Every structure is written in C-alpha cells, then in structure tokens.
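First the structure, in the form of structure tokens, and then the observations on it.
The values are calculated or read from the model by the stated rules, or taken from the named source; none is laboratory data. Just so you know, these numbers come straight off a predicted model, no measurement behind them. No Cβ is skipped: glycine too gets one built from the backbone with ideal geometry, and neighbour counts run over all protein chains shown. To get the accessible areas, we keep the full protein, side chains included, count just its heavy atoms, and leave off ligands, DNA and RNA. Shrake-Rupley method; radii C 1.70, N 1.55, O 1.52, S 1.80 Å.
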Amino acid sequence: EQASGPKRVGKGETCNGSLPPQFATLCEDGLTCSNSGMPGASGVCTEEQASGPKKVGKGEKCNGSLPPQFATLCEDGLTCSNSGMPGASGVCTEEQASGPKRVGKGEKCNGSLPPQFATLCEDGLTC
C-alpha cells in the first residue's frame, strides 16, 4: 500500500510542496526547497540558510543598516566603525571605552583630560 501523504526527499533532490499530497515532495528536516520563486515551480532541497544577520569578526566588513537577511553585525566585544555616513559599511574593530578609565590605588590618574583619555580613581580613592 502506498502512502497517501507527501514524500520526503533529501539534499539535492527535486521538491515541490504545491502539488496534491499524494504527489508532493517535501524536503527532510533541516532542508528547504529552493526554487525560482515562481508559484508551483519545483525546486531542489538545500541546507537552510540563516535568515537573520550574519556575525563577522575583527577586521571584517560590517553593515547593520541592511535588511536582516543581508546585514552583517560584529561579534560581541567588537563595534562597527564606519565613516559616519548613514547606510555606509564599516569594519569591525575592538570596542573603545568612550568614558574615563577607572584606576586603583597607586596607579596614575588625571581627570583633567578629555573623557576618552581621562583616568579617574575608583570609588573611595582620591587623585
């Protein structure tokens, strides 16, 4: 007796879920049916691609202003440094502390410098 439901097919095989159940071919779990986008057209089972933003490392090109499926975001601890032009791509660099650095007992301090260069004492200490 033949199964009346859709047939499951593997990677690289032809798929078409728009046919009646007894003739439909669906991809196995973890695969997706990639076709031309034409309604009713057959496709080929391929590995699913992440639809969200791609994470990239230090020195790699980044652009978070693109739609999620095309966006490239920096990994944790990195920031996307660009020209400041809206929508422009940048490069992932290590995050720089934007405020004053806190230092401990016996370390040099100088609060008179601009915030990104200033060194302030930890709470309970004085410079």
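Within segment 1-37, the set of residues being open to solvent by less than 50 Å² (accessible area, probe 1.4 Å) and part of a strand (DSSP E or B) comprises VAL9, CYS15, ASN16, THR25, CYS27, LEU31.
Looking at GLY87, GLY106, which is the one that is surrounded by fewer than 15 Cβ atoms within 10 Å (Cβ to Cβ), at pLDDT below 90 and over 14 Å from VAL56 (Cβ atoms)? Walk me through it before giving the result.
Details: GLY106 fails: at pLDDT below 90.
It is GLY87.
For segment 92-121, a tally of residues being assigned to a strand (DSSP E or B) and over 14 Å from the mean Cα position of the chain (by Cα) returns 9. Of all residues being open to solvent by less than 70 Å² (accessible area, probe 1.4 Å) and either in a loop (DSSP other than H, G, I, E, B) or in contact with a helix residue (DSSP H, G or I) (Cβ under 9 Å, 6 or more places away or on another chain) (or both) in segment 43-77, which is modelled with the lowest pLDDT? Just the residue, please. Looking at the filtered set, the residue picked out is GLY52. For CYS80, state whether it is assigned to a strand (DSSP E or B) and modelled with pLDDT under 90. When the stated conditions are applied, CYS80 passes them.
Just to verify a result, which residue in segment 113-127, among those that are more than 30 Å from GLY57 (Cα to Cα) and open to solvent by less than 100 Å² (accessible area, probe 1.4 Å), is modelled with the lowest pLDDT?
The qualifying residue modelled with the lowest pLDDT is LEU113.
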